[in-house]
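Derivation of every value follows stated rules applied to the coordinates shown; laboratory data play no part. Note that the coordinates shown come from a computational prediction; the quantities given were computed from them, not determined experimentally. In this analysis, Cβ positions are derived from the backbone assuming ideal geometry, glycine residues included, and neighbour counts consider all displayed protein chains.
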Amino acid sequence: MAKNINQIQDSLIEEFGLFEDWTEKYEYLIDLGKKLSPMAEALKTEDNVIKGCQSKVWLSAKFEEGKVIFEADSEAVIVKGLISMLIRVLSNQTPQDILQADLYFIDEIGMSQHLAQTRSNGLLAMVKQMKNYALAFSLKD
Amino acid sequence: MNSYRSDFPILDQMVNGKPLIYFDNAATTQKPKQVIEVLKHYYEMDNANIHRGAHALADRATAKYENTRKKIADFINSPSTEQIIFTSGTTGGINLVAQTFGRAFVGNGDQIIVSNLEHHSNIVPWQMIAQEKGAEIKVIPVSEVGVLDMEAFKSLLNSRVKLVAVNHVSNAIGTINPIETIISEAHNVGAKVLIDGAQSVAHISIDVQKLDVDFLAFSAHKLFGPTGVGVLYGKKELLNAMPPYQGGGEMIKEVSFAGTTYNELPYKFEAGTPNIADVIAFGASLDYLNSLSHQTIWELEKELLSYASKRLLEIDGLKIIGTAPQKIAVVSFLIEGTHPQDIGLLLDKYGIAIRTGHHCAQPLMQRFDIVGTCRASFAFYNTKEEIDAFVEALKKVVLMLK
Ligand SMILES: Cc1ncc(COP(=O)(O)O)c(C=O)c1O
């Protein structure tokens, strides 16, 4: 059976627990960013751009067999790393689970600064948009 | 060690476990303790509303408030204090001119010239009034190194041009523009000139009479003073001819329902209770600046600019955006294969504050076909040691990202 949202969050927390300092954390994040599966160019439309980000961030979603599948990309690699984690946690889950998700891992791994309103990297907007997609799909369902 | 640093208490702190290196002075400068002290003293001793009370505190607050106006007049060599209008900042001053001068003197088919180097604050207010009036915005192009194309500027001039609005110094890339020539050429066709001095006043001395400039707008917070205060200087005949801006208290002489007569300059443009405390503290920042002289500041910052430019070029793939021969101490740069946002984020981990992004100058970014830059902007309290630490951190950051 696929892991649920909290199980995935817990494994991320465990992975980050191995790092000694911020450089290791960020190196890992950068690595995740570089490895994020590329988003189809056709999906990088203005409609899919998340507003309020300093770097361009695109997000698209599709609904398959009761699960929401997210694809995303960014011009900046750290944001891409953060996106990669969000996708790992929220993609391929049901709309209900996504809507109810409490993303505690961000705080636990010491990345909450990126979720703060004051940061213009759009992570907060990204989470909101992911939940919006989930809501839209749940209504369709 | 730089002896001015101790005047700026904020500089003495750790950020992310590292000593703070503040290289975001073009966004806002730090405040000397003399300014902070005046702010505190005002609220502890003098706080009152001005120009109305018949009591000791009101008198004291009014005198200090008006004294700042006098200091500003001296600072830019304004012929009178009435021509110094307090605003909320550069943006506030530009909007004031757009909504009063623009409303009264720009008509259908007229033109307003701006440059490709402008901050959004010196673009959008003109677009708004141009749209309302059916006027056109013309743009002075910028060369590859970030210098205004003066031949193109001259060819844009004609009798339909009512106003030329350009910055003295570009916030995004540091270019110092030839405003003397811009002003005299514009005057030759009867156009007025507004200079956005936001980025220049802290670094270059300005004499409004010698320049013969029609309007000058700037912000206290980029001049080692408080946020929320700015200045609009204007020629008296223009300010008198302009309709009032906002209505309210202070700006009126007499109000009745039959009609209202407006107050004289500068109060005609200062509706409502102003930012008294910050205006008074702004006076202290001018005193501080005068105690140093622009010459001293200029020498120190010129040194920092050439040192930083030289050291930054040690980094593989680093390109400086904006290499005008005349620049203030601002270095905008890009590093091949990296995004400015990543650089800024990781430098922050080293306690280093720079600005990344489009710097509210998107048309300029479009001109260079880039998404943004990393910008390090220096003030006289910065040091070569800080630049060394910055370059070393930057090298590590690039290694992480590549
Ligand atoms: C050239 C220039 N013009 C205008 C402004 C706007 O100044 P303020 O936000 O203080 O009104 C700035 C500030 O960044 C600037 O650099």
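Nearest 10 degrees, 0 to 90: what angle lies between the long axis of helix B:124-133 and the longest principal axis of chain B (Cα atoms)? Taking Cα atoms only, the helix is inclined about 40 degrees. For B:ASP12, put the label point 7 Å out on the Cα→Cβ axis and report which residues of the stretch B:31-62 keep their amide N under 18 Å from it. B:31-38, by backbone N distance to the label point. Here's how it looks for B:LYS192: its modeled amide H is under 5 Å from those of B:LEU163, B:VAL164, which are all 5 or more places away or on a different chain.
FRET efficiency for the pair B:GLN362 and B:MET45, taken as 1/(1 + (r/R0)^6) with r the Cβ-Cβ distance and R0 = 41 Å, rounds to 0.35.
Here the Karplus relation 6.51 cos²θ - 1.76 cosθ + 1.60, evaluated at θ = phi - 60°, turns the backbone of the stretch B:304-320 into coupling constants of 4, 4, 6, 5, 5, 4, 5, 5, 4, 5, 5, 7, 4, x, 7, 10, 7 Hz, with x for every Gly and Pro. Rounded to the nearest whole Hz, the Karplus-based 3J(HN,Hα) values (6.51 cos²θ - 1.76 cosθ + 1.60, θ = phi - 60°) of the stretch A:34-43 follow the sequence 5, 8, 4, 4, x, 8, 4, 3, 5, 8, with x at glycine and proline.
Couplings 3J(HN,Hα) for the stretch B:45-59, derived from phi with the Karplus relation 6.51 cos²θ - 1.76 cosθ + 1.60 (θ = phi - 60°), are 10, 10, 3, 6, 7, 9, 6, 9, x, 9, 9, 4, 5, 4, 5 Hz, where x marks Gly and Pro. One way to sum up the overall shape of the stretch A:5-140 is the equivalent ellipsoid from its Cα gyration tensor, whose semi-axes run 23, 18, 13 Å, largest first. Selection among B:MET14, A:SER138, B:VAL166 by position relative to the dipole of the protein assembly as shown gives B:VAL166 as farthest towards the positive end (Cβ unit charges, Cα centre).
Please check: in the Gaussian network model of chain B (C-alpha springs, under 10 Å), which one of B:ALA56, B:ALA172, B:ALA379 has the largest mean-square fluctuation. Checking each option, the largest mean-square fluctuation is seen for B:ALA56. A Förster distance of 30 Å, applied to the separation of the beta-carbon atoms of A:LYS128 and A:LYS3, puts the FRET efficiency at 0.80. In a DSSP loop and with at most 13 other Cβ atoms within 10 Å, the trypsin sites (Lys or Arg not before Pro) in the stretch B:1-74 are B:ARG52.
In this Cβ point-charge picture (+1 for Lys and Arg, -1 for Asp and Glu), the stretch B:35-290 has a dipole of about 360 debye about its Cα centre.
Given B:LYS133/B:LYS154; A:LYS80/B:LYS402; A:LYS34/A:LYS56; B:LYS70/B:LYS192; A:LYS56/B:LYS396; B:LYS162/B:LYS192, which pairs have Cα atoms separated by over 18 Å? With Cα atoms farther than 18 Å apart: B:LYS133/B:LYS154; B:LYS70/B:LYS192; A:LYS56/B:LYS396. Using Cβ point charges alone (K and R +1, D and E -1), the dipole size of the stretch A:5-140 about the Cα centre works out to roughly 600 debye. Note on the protein assembly as shown: Cα-only Rg and Dmax are 26.3, 81 Å. For chain B, modelled as a GNM whose springs connect Cα atoms under 10 angstrom apart, the maximal fluctuation among B:ALA54, B:ALA308, B:ALA324 occurs at B:ALA54. For B:THR87, the residues whose amide H sits under 5 Å from its own are B:GLY230, B:VAL231, B:LEU232, ignoring neighbours fewer than 5 places away on the same chain, with H placed 1.01 Å from N. Over 21 Å between C-alpha atoms is what I'm after, so list which of A:LYS3/A:LYS140; B:LYS222/B:LYS302; A:LYS35/A:LYS140 land there. Violating the 21 Å limit, Cα to Cα: A:LYS3/A:LYS140; A:LYS35/A:LYS140.
The charge dipole of the protein assembly as shown, taken about the Cα centre with unit charges on the Cβ atoms of Lys, Arg (+1) and Asp, Glu (-1), comes to about 780 debye, rounded to the nearest 20. For the residues of B:356-364, the average number of beta carbons from a partner chain within 10 Å of their own beta carbon is 1.
Between A:VAL57 and A:ILE50, the built amide H atoms are under 5 Å apart, and every one of these is 5 or more places off in sequence or on another chain.
Listed by chain and number, the aspartates and glutamates placed with their C-alpha closer than 17 angstrom to that of B:LYS236 are B:ASP74, B:GLU82, B:ASP207, B:ASP212, B:ASP214, B:GLU264, B:GLU270; residues fewer than eight positions away on the same chain are left out. Taking GluC sites (Glu not before Pro) in DSSP loop states with no more than 14 other Cβ atoms inside 10 Å as exposed sites, chain B has its longest site-free stretch at B:1-143.
Between A:LEU18, A:LEU123, A:LEU86, the Gaussian network model of chain A with springs among Cα atoms under 10 angstrom shows the greatest mean-square fluctuation at A:LEU18. Taking a ≥ b ≥ c as the square roots of the eigenvalues of the Cα gyration tensor, an a/c ratio of 1.5 or more together with a/b no larger than b/c marks the stretch B:35-290 as oblate. Taking the Cα of B:ALA56, stepping 7 Å toward and past its beta carbon, and measuring to each backbone N in the stretch B:10-40: which are under 14 Å? Under cut-off, by backbone N: nothing.
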